[in-house]
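Pasting a structure here, questions to come.
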Amino acid sequence: MSFTSQIINILAGYDVIKKERQLNQSLSEKDKVISKLQGEHVRLAYKYENCNTQLKQKESECAVYVEKNSTLEAELEQIHKQFLDLENRFQYFQAKLSQKEDENRELDNKLQDAVSEKERLQAQNVEYEDKNNHLLSSNKQLNKEVSCLNNQVKALAESISLKENEVSDLSQKNNSLSESYCVLQKNLQTASDEIQEIKLINKTLELDCKKYIENNNQLQTRNKELQEQLDEVNLKSEEYINQNCSEEEIKNLEKQIQKNEEEISSLNRTLTIKEDDIKRIKEENKHLIQAIEDERNKIISLSTKVSKYNNLNNILYEENKQLKNRVSILETKLQNENISEKKYSNQAESFINDSLEGMPQNQENNIQNSIDSTHTNDKPIKTLSPKTSKSVISKEQEALQLSDGNIVDFPEIVNNASDTTIRSIRYVYNEKGEIIDVDLFFQKSSAEEISHVSRMLSEADIKNGKYWTCGICRSRVKIAHRRYRNDKESLFFIHAQKNVNCPWTISADKSKDYYTEGIDIEELTEDEIETELNSDSKVIYRNLKLKIVSLLNSEKSKAMGVAEVCIDKIIRSNSPYMKWRRPDISFNFKDRKVVIELQNNNVDLDTIVDKDIFYRLNNIQVIWVFGNGEESRYDYMKLFNYKNTLFANHRNVFVLDKQAMEESTLRDELLLKCNWLDENNMWKFTIENSSTNGILILLNELTFDDEFCKPYYFDANEPYFKKYPEARTEYMDTLISREGLKKSIEEKWVNNSLYQDALTEMRKSGSYAEISKYGDLWGFRFNTKSLINPIFTCEPKLQDNKFYKVTFNHKLGIVDKFGMKIVDWDNDFDYDNIYYDDINNCIIYIKDYKAGVADKLGNEIIPAIYNSIEPWSNGIFKVQKENRFGLVDLNNNIIADIKYNEIGKLETGRAKVTITHPVQSWRQLENYIDNKGKLVSKYSNLNDDYFLVQEFGLFGVSDKQTNIKVPCIYDEIKLWVDDLVRVKSNDKWGVIKVSDNSIRIPIKYESIGNYIHGIANVTYVGIKSCINIKGEEVVEKRIQLQNTLVKTLKAGKWGIEDKNGNEIVTHIYDEIGSFRRRLIGIINNRIVKLDTYYDYPIPMMGKLENEENNKYIIAVAGLKCYMSVNQLHSFGYSKNDLFDKNNMCDKLGFMNMNFHTGSYAIRYLDEKNLTRMLSFGDRNSNFALNEVVEGYIARIKRKINKSGEKRIVNVTVKFPNHHMTLVSVYDFTNSNKDIHNYKLNDSIKLKKIGFNDSLDRTVWEIL
């Protein structure tokens, strides 16, 4: 764009060229409308001319008649009147015809619509008939199905009545069975004896059968031998006969044969009798087996209760055994040391005090009270004299002696469920509705599969999830186990809920209480909890807990990060569905809460799953520990609940056995023995491969699983899943996120009737200290224990960092959420407000609306000169001044300039900062700083010499030594050429030289393209053009025209310039041609007639698309044009002469243009045609409206009509100034002049009354 155009745009206040383009477009649309109207005008004029012709013919006829007979004037007048009447009638009929044509068009449209509607209705009718046929067939089928269903309903009704009768009979039978239960129980022993007798009889019969079979075999052998003898006798007989034996000998032989045959027949009869006896014995045996099976089924139903009592007896036996072992150990100690009761008591007290050293005072008091109450309730200990009998040896010592004092391997983890278990529930349905045979399930499944299923079913008690159901009543089931004295264990399914009405329900289902703590413990008060803790079953593990607490409170443990060690401390939850749980030991380890649960035989799976879920919801790491600190045998790991813990904890186990306890005591820190299953389900550490059965680890060697809260030493799941990928899929299907778990439990809980009560209790309690009030004073308490007496004169305010600000007589202090004093309120501070910074162990204070930093004693560290201060990292604070943020250290040294709109929190070694865009003030830019406040910049290669630098989302350039060459103030930077780069700022592009940061091309373009072959495409104010490396506009293509004009291509658009480069036609057209000495532009596939004239053809580029109807269809800038094949051939050219291999031709020109129909003919322009002037057309500017001019007829054009007559269509009038114009026959007709009356060189006077733009012709009136 020229400088003049820019000045014009600035003065006008808008883009003049764009406005001109819009006006030209509007004018072209109006021109089209006018051209349509003019075409209609021409058509009407033509009709009018025909009418005039007819009229003049009549007039000429009348003139002939006048010449022939002047006497007929009267008749002529009459004929003239008739003619006028006919003319009127003709016009009437013409209007009527036009009306009829409109009506016919309307009727034609209606007819077409009717035909379309008919076709649509026919199609719908066919479709409806098909649907009707389909519905009829479906109806018949449905009728059949309905009749069938009715029959089935009747049959079902009959079946139901039969079933009701059967239920009634079964109820009666159930009553009778209940009555016979007692009788059967009495006869149990008798039945057992009879079974033994039957078994003996059965064995005797089996022996008899074997004897009969042996006899039978012997008889068959004897029979064969006799048969062989008979054959021999027959052979000998023949020989004797052949040798002429005597008759006496033959008779003897015959008698012998007869005797042998009698013996054989006797043996056969005996064999038949024996076979019948065997069949009879088999039938009797079969009946006896059926009778035994019936008796066994009766005994199974009776033995369930017996097994329950055996179970209880086992439990009591084990507890009694443990108590006896403990008594024997105490007796042995008393005998060996010969101590008195008082001395023993003092030593026990001393041991407990040593164990409690370093514990919080409140926890120490609780434990001491618990132990005191234990001694109070127990009977006095008697001083026993030494016994001469053999000392008692514990199981652990016995196992150690049997292993020669060495450790033993952990037992193999396999499915060792008893195959002889009689299971009440025979089959169940899994979560997919598939039938699972219970016996096959426990026989075929691995220990891990059983563990996963059992955990899933137990979790269903607490949360919504997958579950299995009973095969009869479809109630939820879960897996239970029973342990026998011989360390055998049986696994079976039981109903998940009590008192289920099911034929497979056993008495254990109806009486067992599955929840020792449950999800809604409401019955226990604090006194009841204390009493329950001191029960005999809990005291057994008290010494072990005290020993672990002592180890966790050691100096080594504290240095490791162990703190706040508690024993049997209740942990409360804010969740309404799981109120509290009481772990054996709880403590804080670094930034985590950790609990230790001691697993023993009495801890069932429901309790394990319940606690796992509780701790996970409250983000508490749980370590399940096996062993009691004294044992050296591990057979308990074969049990169902221990295996479940193993597989739920990354296949790791943690054991506190004798070795681990001795080493822990020696090192004065807690050590756990860890082992895990490898991918082959074998223990990692064995005596054979490692000379040990586990590795001793410390707490800080554990990996804490923050999602599932299950710490582990080695993730053994990964190698196992790698070997068995299908196991990973099954395992992942059972997992659920913490949020999902919480939501699932909530959904289950809200349907529980105790929800509202639990919600109320949750609101009353919390896991931290509570604010208490006495009168007008406030303090802190936890449950019923006071931590800080009510002394504060204002209610404590909880601050953002979870510390309370307290006020004591207008003096400020800080208390943490545990009720511990952080900043003493008995101070000389004179601050308006304070906040505790636990990162830097100091306080942030406010004085006169300014913030500063001081230590806990009030000594100033950073003066109060900032609007706000908050801790950012260790030793660094974020400060604010006048709405800008920066960073300072403890010495008030500025380490990050106070220029940022915001500085975020430090996360993973960096923090987000924001500033305002240097140009677009509404934009906020983001970047990061490191933990020292240094801005983080991103570098990427721009070329071999420079880096592209990014800060705050803005770009700059640096050299390879990261020295900034172009500052980071641009929205985008792209390499252009050499050390020139394109830069974008405020949505405008320019070019900068990197070496000196100088602007080489102004930043004003909407776009700057790649620099290719010395030019680049640019866009400025919506106008596309090309520039060179200096930013000067250049021409892409030039076509030399006549009269020193040039057709030029800029930015893909054509225009016309003069020899000085002045723009005559703006470069906005896809192509430019000429017709009737007028320029024609093509833009967006549309023709635009320009008000610029050129006397010669202008070549255009076109592409051949196809050939049809003896015409070449050619696209010129997207506009469809045609070229006559015959005409091309008449000039001696072929298609190959015009078009290249891509079907392109660059020498095409307009030949004829019908703007009304949109038909455009083109021709081939050879060198001669390019210099030959076009046929002229008038210009609207040649003559003024109503101007009268005079000239002579220089040419008369005639045209042959259909009848073969030559008709004059127009004349060419030449004026004295050598201008010429065409005068159409219609102009003569409209002027009531006969064109036939004019001859060549006749003078003619014309008046301009209009201009036909579509035909480029002046409309004349002949004077």
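As a footprinting exposure proxy, order 580, 872 by other Cβ within 10 Å, with the fewest listed first. All intermediate terms of the calculation are to be shown ahead of the outcome.
Details: 580 16, 872 25.
The most exposed by this proxy come first: 580, 872.
Report Rg (one decimal) and Dmax (nearest whole number) for segment 576-686, counting Cα atoms only, units Å.
Looking at segment 576-686, its Cα Rg and Dmax stand at 14.6, 46 Å.
Counting pairs of alpha carbon atoms under 8 Å apart in space and at least six apart in sequence, what relative contact order in percent does segment 939-1027 give? Don't jump to the answer; show the numbers that get you there.
Details: 189 pairs, mean separation 12.8, N = 89.
Relative contact order, segment 939-1027: 14 percent.
Then there is this: What Kirkwood Rh does segment 939-1027 have if only Cα atoms enter the pairwise 1/r average? Answer in Å. Before the final figure, lay out the partial values.
Values: mean 1/r = 0.0759 Å⁻¹.
About 13.2 Å, per the Kirkwood formula over Cα pairs.
Could you calculate the contour length gain from residue 1032 to residue 18, that is, 0.36 nm times the residue separation minus the distance between their Cα atoms, to one decimal place in nm?
Here the answer is 362.9 nm.
Across every pair of different alpha-carbon atoms, what Kirkwood hydrodynamic radius in Å does segment 1052-1170 reach?
Values: mean 1/r = 0.0676 Å⁻¹.
Result for segment 1052-1170, one decimal place: 14.8 Å.
Let me ask you something else. What is the calculated FRET efficiency for residue 850 to residue 705, with r their C-beta to C-beta distance and R₀ = 60 Å, to the nearest 0.05? List each step's numbers first, then the result.
On the way: r = 46 Å, r/R0 = 0.77.
Once rounded, the FRET efficiency stands at 0.80.
Let me ask you something else. Give me 713, 427, 642 ranked fewest to most by other Cβ atoms within 10 Å of their Cβ, as a rough exposure proxy. Each step should come with its number before you reach the end.
On the way: 713 20, 427 17, 642 23.
With the sparsest Cβ surroundings first, the list reads 427, 713, 642.
Simple spin-label model, 7 Å along Cα-to-Cβ: residue 1064 to residue 963 in nm?
With each label point 7 Å from Cα toward Cβ, the separation is 5.6 nm.
Here's something else I'd like to know. If the chain between residue 940 and residue 1140 were fully stretched, how many nm would it gain, using 0.36 nm times the residue separation less the Cα-Cα distance? Don't skip to the end; give the middle numbers.
Working: separation 200, 0.36 × 200 = 72.00 nm, distance 4.71 nm.
This chain segment gains 67.3 nm when fully extended.
Take 546, 44 and order them by how many other Cβ atoms sit within 10 Å, fewest up front. Don't skip to the answer; put the middle values down first.
Values: 546 19, 44 11.
The order, fewest Cβ neighbours first, is 44, 546.
Tell me, what is the FRET efficiency for residue 828 and residue 867 to the nearest 0.05, using R0 = 30 angstrom and their Cβ-Cβ distance as r?
Values: r = 26 Å, r/R0 = 0.85.
With a Förster radius of 30 Å, E is 0.70.
How many lysine pairs are close in segment 1188-1262, with Cα atoms under 20 Å apart and the two 8 or more places apart or on different chains?
Within segment 1188-1262, the lysine pair count is 18.
Please list log₁₀ I(q)/I(0) at q = 0.13, 0.21, 0.25 Å⁻¹ for segment 1188-1262, using the Debye equation with identical point scatterers on the alpha-carbon positions.
-0.37, -0.94, -1.26
So how compact is segment 601-664: Cα radius of gyration and Dmax in angstrom?
According to the Cα coordinates of segment 601-664, Rg and Dmax are 12.6, 35 Å.
Right, another one. Would you mind checking 850/881; 993/1030; 899/965; 1053/1089; 1024/1053; 960/1030 for any pair whose Cα atoms are more than 19 angstrom apart? Numbers along the way, then the final one.
Working: 850/881 10 Å; 993/1030 12 Å; 899/965 23 Å; 1053/1089 17 Å; 1024/1053 8 Å; 960/1030 27 Å.
Beyond 19 Å: 899/965; 960/1030.
Right, another one. Give me the distance between the Cα centres of segment 80-96 and segment 1020-1043, rounded to whole Å.
Using only Cα atoms to place each centre, the spacing works out to 65 Å.
Roughly how many Å is it from the Cα centre of segment 1153-1231 to that of segment 793-866, as a whole number?
Rounded to whole Å, the Cα centres lie 103 Å apart.
Right, another one. Taking 7 Å along the Cα-to-C-beta vector as the label spot, tell me the residue 912-residue 810 distance in nanometres, rounded to one decimal.
For the pair residue 912/residue 810, the computed spacing is 4.4 nm.
Using a simple spin-label model with points 7 Å from Cα along the Cα→Cβ vector, what separation in nm is obtained for residue 1115 and residue 111?
For residue 1115 paired with residue 111, the spin-label model returns 3.9 nm.
Calculate, for residue 883 and residue 27, the FRET efficiency according to 1/(1 + (r/R0)^6) with r their C-beta to C-beta distance and R0 51 Å; round to the nearest 0.05. Walk me through the numbers before you get to the answer.
Numbers: r = 57 Å, r/R0 = 1.11.
Between residue 883 and residue 27 the formula returns 0.35.
Rule-based calculations on the coordinates, nothing more; no lab input. Computed from a prediction, not measured in an experiment: that's the story for all the values here. Every residue, glycine among them, receives a Cβ derived from its backbone with ideal geometry; neighbour counts consider all protein chains shown.
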